[in-house]
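Data block below; observations after.
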2 protein chains.
Amino acid sequence: MSQTSSRRTSAKIQEVARLAGVSIATVSRTFNLPEQVKPATRSVVEGIARQLAYYPNRSASTLRTQRSKVLGVVLPTLLNPVFAECMAGIAVAAKERGYAIIHATTEYQLANEEQAVSELQSRSVDGFILVVSNPRTSRALERVRAQGVPYVLLYSREAGHPCISVDGEKALEELIERLAGLGHRRIAMVSGQLQASDRAQQRYRGFVAGMSRLGLDASSLIEVPFVETAVGRLAELLAQRGRPSALVCSNDLLAIRAIRAAHLAGLVVPRDLSVVGFDGIRIGEDMTPMLSTIVQPNEEMGRRSIALVSDAQSAASARRPVESVSLEYYFREGESCARAPEGYS
Amino acid sequence: MSQTSSRRTSAKIQEVARLAGVSIATVSRTFNLPEQVKPATRSVVEGIARQLAYYPNRSASTLRTQRSKVLGVVLPTLLNPVFAECMAGIAVAAKERGYAIIHATTEYQLANEEQAVSELQSRSVDGFILVVSNPRTSRALERVRAQGVPYVLLYSREAGHPCISVDGEKALEELIERLAGLGHRRIAMVSGQLQASDRAQQRYRGFVAGMSRLGLDASSLIEVPFVETAVGRLAELLAQRGRPSALVCSNDLLAIRAIRAAHLAGLVVPRDLSVVGFDGIRIGEDMTPMLSTIVQPNEEMGRRSIALVSDAQSAASARRPVESVSLEYYFREGESCARAPEGYS
DNA sequence: TTGTAGGCGTTATCAG
DNA sequence: CTGATAACGCCTACAA
């Protein structure tokens, strides 16, 4: 009953060594450098270890080797499925490579970025995976570089940093072209605060470029600072005459809200209004109408990020030129995007 | 340029001690037992520490104190927003209390539960927050108890274990009553694999109880083993005559898919079919129709779980009777649930 | 192939 | 209030 099996001796490795008739060094090697241990010895040690349910103490090992086998992940929030999906990919790949993940969310607050990095540094993570607001000005990123551990930026594309992303600018340009092909002329972009995210800026640039190229008015930018308020604000705008026939949203969460706003404004999507998102969150596929969107391989991005930092980890010294990865995106047809209404231009 | 500031001396605490003119013991105390250090000394040390950007090495501290200030979280997946929301709550509360989180997902695979726990144990977490398939048979849970660290079960309700949950059984019973009040007689329950989750079972029991109490046929259980296939399967069923007028889903993700299935079957929700979910994921509020559902306070549940284990942590010895927490749920009206079609019974 | 032993950075005990 | 000093459990030259 009383689980007071208080072993004060501890040092289970000693126990294993004793029972196996070897030194603790050999036990250690059995785990870390098995090939250096005679097979016979090894299997004895392994047997005993299993019996005693012994496994090396990670803190001790970390202290000694200066390697924690923990990676730090900093991202805005897990409440946006795009990051949850990304995290899922990260988790899988990390596990495969023997890393654990400690994450911190910034809630889109710049101040939190730096704090998150500090916290993770104090946990002596071996590397960082970061989704920052803006790589160019990020003090968090500075801190990471100062420390010299490997890192990779997710979703950003910034020369001089290892990034994993898709070309959002190009994607948006193509999207505009597609919409124009469907007869849309009045197209508005809905975005979160542009300055809060270089991803949003990237996509916005594509919007402007695409519109300009077709000679369309690219001035319709609807910035919704707080996602919570997006619906009301959008509904108002959509109720006005002269409203756009298509809404291009900077991310899927906004697109979903835009669809709701349209509904509140008495519009039917996609009959009266086309709405397209960006991110390709899975849940968009289950919605009705199914969300039309530009799909990024979020989980893969997560996986690749682990590959990158963990490779950099091993490479260590050879600080090569920084290798970024640009992945493919694609347009998911969905059902929230259709031909522009007749006589609408 | 070359960041080869290779300090071979390391031991920054020594440096701090030296510059502050004290021993490393005092430096340590300044961080851990500030009240034992003369204010004057303390501020000197703090100043130097800040200058050198010194912070205690966690691994060393963990090794010495046998406390990592890391908590382990095991949950099915982050791709279901219900767990992502929960995790968000966990993260906030953990941060407040100085804990970091390492999580592992099971992907609803029993085998992974135990492996996840082992992995986390090897990372010497100070406690566990678990969302397991079934507390009664969980070997993972056994392992945790064997180790003797504090833990708490999320979403489960099982005597003998500290649990944080809402009363899903009662909630479903009440829901049935509500639907009956709206004229629904043919009500079916849509669930994932029952045996894969005691939460689902709990809710199902409530469904049966509620139906029986009203003298309704409670035999309509639609089990969709793989969520991925839910839509197709449901659409088929909904296309048949004699279909239910209301669908009660064991979770919101299923409800969203049910709505899609209804659409594919040519039905309009809620005019032709009412659909209700369970969980209260936020995104349900942004959908059109807004998801009617039973809302659990997911983030709060996460927060409370941290409170529980971290308190148990400090209490340590006094193993009190196990205190579970049952939180309030509520029905979110939404728009996916309405009066039953005329002449439908 | 295996053993010996120093030290990773802290904390806690015990003196002073 | 402060200092000296053992561990904490492991890894890795270096020796054997």
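The values are calculated or read from the model by the stated rules, or taken from the named source; none is laboratory data. Nothing here was measured: the structure is a model prediction, and the numbers come from that model. When we count neighbours, we look across all protein chains shown, and the Cβ atoms used for this are built from the backbone with ideal geometry, even at glycine. Just so you know, the surface numbers come from the protein's heavy atoms only, side chains and all, with ligands and any DNA or RNA stripped out. Shrake-Rupley method; radii C 1.70, N 1.55, O 1.52, S 1.80 Å.
Checking B:SER124 against (1) more than 13 Å from the chain's Cα centre (by Cα); (2) facing chain A (nearest Cβ under 8 Å); (3) not in a loop (DSSP other than H, G, I, E, B), only one condition comes out false. Which one? Against the list (1) more than 13 Å from the chain's Cα centre (by Cα); (2) facing chain A (nearest Cβ under 8 Å); (3) not in a loop (DSSP other than H, G, I, E, B), B:SER124 comes up short only on (3). When the stretch B:61-86 is limited to residues that are part of a helix (DSSP H, G or I) and hydrophobic (A, V, I, L, M, F, W, C), the one that is farthest from the other protein chains (Cβ to nearest Cβ) turns out to be B:VAL82. Picking from residues in the stretch B:28-77 that are more than 7 Å from DNA strand C (Cβ to nearest atom), of a type in the set (S, T, N, Q) and surrounded by fewer than 19 Cβ atoms within 10 Å (Cβ to Cβ), the one that is nearest to the chain's Cα centre (by Cα) is B:THR77. Taken over the stretch A:200-219, the residue count meeting the criterion of being within 26 Å of A:GLU107 (Cβ to Cβ) and open to solvent by 20 Å² or more (accessible area, probe 1.4 Å) is 3.
The residue that is surrounded by the most Cβ atoms within 10 Å (Cβ to Cβ), counting only those in the stretch A:241-281 that are charged (D, E, K, R) and farther than 20 Å from A:ARG203 by Cβ, is A:ARG260. The residue that is surrounded by the fewest Cβ atoms within 10 Å (Cβ to Cβ), among those in the stretch B:87-102 that are more than 7 Å from chain A (Cβ to nearest Cβ) and of a type outside the set (Gly, Ala, Ser), is B:GLU96.
Report yes if some residue within the stretch A:135-158 is open to solvent by less than 30 Å² (accessible area, probe 1.4 Å), more than 14 Å from chain B (Cβ to nearest Cβ), among the aliphatic types (A, V, I, L, M) and more than 30 Å from B:SER61 (Cα to Cα); otherwise report no. The answer is yes, given that some residue of the stretch A:135-158 is open to solvent by less than 30 Å² (accessible area, probe 1.4 Å), more than 14 Å from chain B (Cβ to nearest Cβ), among the aliphatic types (A, V, I, L, M) and more than 30 Å from B:SER61 (Cα to Cα).
When restricted to residues that are within 14 Å of chain B (Cβ to nearest Cβ) and either among the polar types (S, T, N, Q) or part of a loop (DSSP other than H, G, I, E, B) (or both), the stretch A:189-225 contains 1.
Is the stretch A:168-186 home to any residue that is free of Cβ contacts under 8 Å to residues at least 12 places away in the same chain, in contact with a strand residue (DSSP E or B) (Cβ under 9 Å, 6 or more places away or on another chain) and either open to solvent by less than 50 Å² (accessible area, probe 1.4 Å) or not polar (S, T, N, Q) (or both)? The answer is no; no qualifying residue exists.
When each of A:LEU130, A:LEU110 is tested for being surrounded by 15 or more Cβ atoms within 10 Å (Cβ to Cβ), more than 15 Å from the chain's Cα centre (by Cα) and within 12 Å of A:VAL74 (Cα to Cα), the lone residue that passes is A:LEU110.
Of all residues in the stretch A:282-307, those satisfying the criterion of being touching a Phe, Trp or Tyr at 6+ places or on another chain (Cβ under 9 Å), crowded, with 22+ Cβ neighbours inside 10 Å and away from every other protein chain (no Cβ under 14 Å) are A:SER292, A:THR293, A:ILE294, A:VAL295, A:GLN296, A:MET301, A:ILE306.
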